[in-house]
Amino acid sequence: MYKTNINEIFESWRKILELARRPDSDEYKLFLRIIFLGFFLVGAIGFAVGIIAYLIFSVFGGGL
């Protein structure tokens, strides 16, 4: 089985952290817009499915 040295793991993490940077304010605002748009879309789809299910069950008597 493959054994990884703990020093190799820390070295790879260090390399990743050296390449990482903090987003500037414009990039951060863009991320927030995309995230909130995704939340809104998922919520709207769930709401629409709930309304459609309610209408279907109220019209057809609600029994399966």
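The values are calculated or read from the model by the stated rules, or taken from the named source; none is laboratory data. Keep in mind that this is a model prediction, so the values were computed, not measured. For neighbour counting, all protein chains shown are included, and Cβ atoms are generated from backbone atoms with ideal geometry for every residue, glycine included.
Does the range 1-10 include one or more residues that are in a helix (DSSP H, G or I) and hydroxyl-bearing (Ser, Thr, Tyr)? Show your work before the answer.
So in the range 1-10, the residues in a helix (DSSP H, G or I) come out as 6-10.
Next, only the ones that are hydroxyl-bearing (Ser, Thr, Tyr) stay: none.
No, the range 1-10 has no match at all.
Sort out which residues of the range 29-64 are among the aromatic types (Phe, Trp, Tyr) and not in a loop (DSSP other than H, G, I, E, B), and write them in order of number.
Kept after step one, since they are among the aromatic types (Phe, Trp, Tyr), are these residues of the range 29-64: 31, 36, 39-40, 47, 54, 57, 60.
Across the range 29-64, the qualifying residues are 31, 36, 39, 40, 47, 54, 57.
Taking the options 41, 55, name whichever one is surrounded by 10 or more Cβ atoms within 10 Å (Cβ to Cβ) and either modelled with pLDDT of 95 or more or within 16 Å of the chain's Cα centre (by Cα) (or both).
Values: 55 fails: either modelled with pLDDT of 95 or more or within 16 Å of the chain's Cα centre (by Cα) (or both).
Sole residue among the options that is surrounded by 10 or more Cβ atoms within 10 Å (Cβ to Cβ) and either modelled with pLDDT of 95 or more or within 16 Å of the chain's Cα centre (by Cα) (or both): 41.
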